Structure formats: C-alpha cells, structure tokens
Amino acid sequence: MQMKFQEAIVTYTEQPLNKQILLDMLKEYKRPHDKIDELVKQQMLIQVKRGLYITGPKLNLTAPKPFLVANHLYGPSYVSLDTALSHWGLIPERVYEFSSVTTNTSKIFKTTIGRFSYTYMTLPYYSFGIKQVILTKRQTVLMASPEKALCDKIITTSGILLRSIKQSSALLMEDFRIDQQMLRNLDVNAIISWLKDAPKENSLVMLVKTLKNV
C-alpha cells in the first residue's frame with residue numbers, strides 16, 4: 001500500500017496537499033488519519049499547518065515553492081509587500097518572511113518551512129493589480145504587480161504619510177532603496193486607476209506625483 005501512495009502522490013508533485021486529497025489517496029487504510037501522522041513521522045510528508053501538507057524529503061519529489069504555499073495557507077490572499085518587491089527586483093534585500101495581503105483578519109503562521117504573514121486589506125482595492133506569476137510549469141501563484149506591492153507597502157506601513165515629492169523620493173530611494181530606473185519603469189497609470197478606492201489615497205496621489213518626477 002505504501003508503494004501505491006508513493007505512485008499516487010507523484011500526480012501532486014509541486015502542489016500543496018490538503019487533508020481531503022490525502023484521505024482519498026489513503027482510503028484503502030482502515031485508519032487513514034493515523035497513516036497521515038505516520039507519513040509525517042517518516043518524513044514523507046511535512047505538515048505546514050493542520051490540514052495542509054507538502055511532500056517531505058524522503059519522497060524525493062519537488063516540493064511547492066513557499067510563494068505557492070502562501071497562497072494555500074490562508075486565503076483569499078496574494079503575495080505582496082517586501083516579498084513581492086524583492087521578487088520583482090525593486091528592493092535589494094533577500095526576504096526571510098513570506099508576506100501576503102488578505103481580505104481576512106491579519107495573521108502570522110510560524111511553520112516548519114518558514115514564517116508567513118498576512119496583512120488585512122479592504123475591498124475593492126484588494127482586488128486590483130494581482131498577477132498570475134508562473135514559477136514552474138506546475139506552479140502558478142497570485143502575486144502583486146510591482147506597482148501594487150509598492151502601494152500595499154505604503155498603505156500597510158504605519159507612520160508613512162507622503163506629503164511632498166522630496167519626502168516621497170527619500171522614502172523610495174533611501175529608506176526602501178529602490179533603484180531610480182526601476183521607479184521610472186513603474187506603470188503610473190495603473191496606480192492612478194486605483195486611487196479612488198485606495199486607503200491612504202492622499203499618500204498614493206503624492207506617490208504618483210513623485211514617480212512622474214523621478
């Protein structure tokens with residue numbers, strides 16, 4: 001039966017696995033829930049949280065990337081903030097926490113594969129600027145566009161109120177350390193289209209003015 005499980009799970013290479021998928025694979029066992037616990041102990045599965053698993057090192061299969069796990073761990077959500085800014089090359093830092101935005105309550109998950117944070121965002125602004133990013137042939141994630149990730153960062157960081165071009169430029173290039181050319185490449189019109197529904201609208205208006213003057 002163990003071999004049957006190993007054959008069946010290949011279909012889900014690179015995908016997070018919920019408990020229902022696993023129970024279906026293990027339906028021939030008398031106590032499938034106990035079998036899942038055993039597979040975790042054998043390192044064939046890694047439990048990310050209750051009800052969500054990825055393949056473990058003993059199976060020697062490609063596990064899903066943390067960005068995809070982030071989409072599945074808590075939702076609705078999309079990868080954003082410093083994680084997306086780093087992915088798009090806007091900020092130089094490597095990011096060690098996987099940050100997302102959600103319409104649910106803000107939450108942090110400390111898991112065996114990393115720390116995942118989720119920050120609350122209002123609708124309809126939440127739904128703007130989300131891209132489907134292909135990481136591999138089998139992994140497509142929901143992630144903020146570079147413009148949306150930057151707006152999300154400004155909106156969700158307490159204490160940031162943009163009042164002048166000089167102050168905004170210092171924030172973007174000195175505090176966030178975003179390269180000037182990268183700022184010039186951002187789609188200002190996309191940000192303008194979100195303004196009327198955005199939190200911190202005045203700060204984003206100033207962001208637009210700053211980007212036009214970079």
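Every number here is computed from the coordinates shown, using simple stated rules; none is lab data. Just so you know, these numbers come straight off a predicted model, no measurement behind them. Backbone-built Cβ (ideal geometry, glycine too); neighbour counts: all protein chains shown.
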Worksheet item: Given the C-alpha centroids of segment 28-50 and segment 146-214, what is the distance between them in whole angstrom?
Response: 46 Å
Item to complete: Using the Cα centre as the reference, give the magnitude of the dipole from point charges on the C-beta atoms of segment 2-59 (Lys, Arg: +1; Asp, Glu: -1; all else neutral), rounded to the nearest 20 debye.
Response: 200 debye
Discussion item. Rounded, prolate or oblate, given the Cα gyration tensor of segment 145-203, with a/c below 1.5 counting as rounded?
Written reply: oblate
Practice prompt. Mind scanning K65/K166; K137/K196; K35/K110; K107/K166; K110/K196; K35/K131 and naming the pairs with a C-alpha gap bigger than 27 Å?
Written response: K65/K166; K137/K196; K107/K166; K110/K196; K35/K131
Discussion item. To test your reading of the geometry: what angle, between 0 and 90 degrees and rounded to tens, separates the Cα axis of helix 146-156 from the longest principal axis of the chain?
Written reply: 80 degrees
Worksheet entry | Over the chain - Rg/Rh using Cα atoms and the Kirkwood inverse-distance radius | 1.08
Worksheet item: Relative to the longest principal axis of the chain, what angle (0 to 90°, nearest 10) does the C-alpha long axis of helix 32-41 take?
Response: 70 degrees
Discussion item. I'd like to know how segment 115-214 sits against the 2.2 N^0.38 Å rule of thumb: what's its Cα Rg over that expected value?
Written reply: 1.11
Practice prompt. For segment 48-126, just list the percent of Cα-Cα distances falling in each 10 Å bin from zero outward, please.
Written response: 18, 47, 29, 6, 0
Worksheet, complete the sentence: Filtered hits (lysines, Cα-Cα < 19 Å from K30, offset >= 8 within chain) -> K4, K19, K41
Fill in: Three-way shape label, segment 2-59, alpha-carbon gyration tensor, a/c 1.5
rounded
Item to complete: Kindly provide the helix-only [θ] at 222 nm of the chain, computed as the sum of -39,500 (n - 2.57) over DSSP H runs of four or more divided by all residues, to the nearest 500 deg cm²/dmol?
Response: -10000 deg cm²/dmol
